[in-house]
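Novice: Before I ask anything, here is the structure I am working with.
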Amino acid sequence: MTGVKRYRKKPVEVEAVQWTGENVAEIGALTEPSVPKLDPVTRTLYFGGDQFAKAGDFIVRDFDGALRGVTPRAFEATYEEVPADER
């Protein structure tokens, strides 16, 4: 008999930077060698496909190198900073 099981997200470390709408160099250091496209009017970054980040969102580089935008609320619910002595 099969049934519904419960699963827990494995602890995986990611790199992330919060996009302020101005910190282009910091975002470039995270996204290199990819260069996201910037809409200068809305200050929205586009990573290709349907991945984007608005000012205030976090840009996350996943364990597999994929970039995506995460709202502050989702970021805070999902991630916690890794202490310096564990890096």
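Novice: Go through segment 34-72 and count every residue that is under 14 Å from Gln18 (Cβ atoms) and of a type in the set (Asp, Glu).
Specialist: 1
Novice: From Val60, Val14, grab the single residue that is free of Cβ contacts under 8 Å to residues at least 60 places away in the same chain, surrounded by 13 or more Cβ atoms within 10 Å (Cβ to Cβ) and not basic (Lys, Arg). Steps first, please.
Specialist: Details: Val14 fails: free of Cβ contacts under 8 Å to residues at least 60 places away in the same chain.
It is Val60.
Novice: List every residue pair whose Cβ atoms sit under 6 Å apart, with the two residues 6 or more apart in sequence or on different chains, where the first one lies in segment 29-49 and is among the basic types (Lys, Arg) and the second, anywhere, is surrounded by 10 or more Cβ atoms within 10 Å (Cβ to Cβ) and at pLDDT 90 or above.
Specialist: Between residues of segment 29-49 that are among the basic types (Lys, Arg) and residues that are surrounded by 10 or more Cβ atoms within 10 Å (Cβ to Cβ) and at pLDDT 90 or above, the close pairs are Lys37/Tyr46; Arg43/Gly21; Arg43/Ala55.
Novice: From the residues in segment 56-79 that are of a type in the set (A, V, I, L, M) and touching a Phe, Trp or Tyr at 6+ places or on another chain (Cβ under 6 Å), which one is farthest from Ala25 (Cα to Cα)?
Specialist: Just the residues of segment 56-79 that are of a type in the set (A, V, I, L, M), to begin with: 59-60, 66-67, 70, 74, 77.
From what's left, touching a Phe, Trp or Tyr at 6+ places or on another chain (Cβ under 6 Å): 59, 67, 70.
On the way: Ile59: 13, Leu67: 16, Val70: 19 Å.
Top of the filtered list is Val70.
Novice: Name the single residue that is nearest to Thr78 (Cα to Cα) among those in segment 39-50 being exposed (fewer than 15 other Cβ atoms within 10 Å of the Cβ) and modelled with pLDDT of 90 or more. Don't jump to the end; show me each part of the working.
Specialist: Here is the first cut: in segment 39-50, the ones exposed (fewer than 15 other Cβ atoms within 10 Å of the Cβ) are 39-42, 46, 48-50.
Filter once more, so that each one left must be modelled with pLDDT of 90 or more: 39-42, 46.
Working: Asp39: 27, Pro40: 29, Val41: 30, Thr42: 26, Tyr46: 22 Å.
If we take residues in segment 39-50 being exposed (fewer than 15 other Cβ atoms within 10 Å of the Cβ) and modelled with pLDDT of 90 or more, then Tyr46 is nearest to Thr78 (Cα to Cα).
Novice: Here are some conditions: (1) on the phi < 0 side of the Ramachandran plot; (2) at pLDDT 90 or above. Phe63 meets all but one. Which one does it not meet?
Specialist: Looking at each condition in turn, Phe63 falls short on (2).
The values are calculated or read from the model by the stated rules, or taken from the named source; none is laboratory data. Quick caveat: nothing in here was measured; it's all calculated off a predicted structure. In this analysis, Cβ positions are derived from the backbone assuming ideal geometry, glycine residues included, and neighbour counts consider all displayed protein chains.
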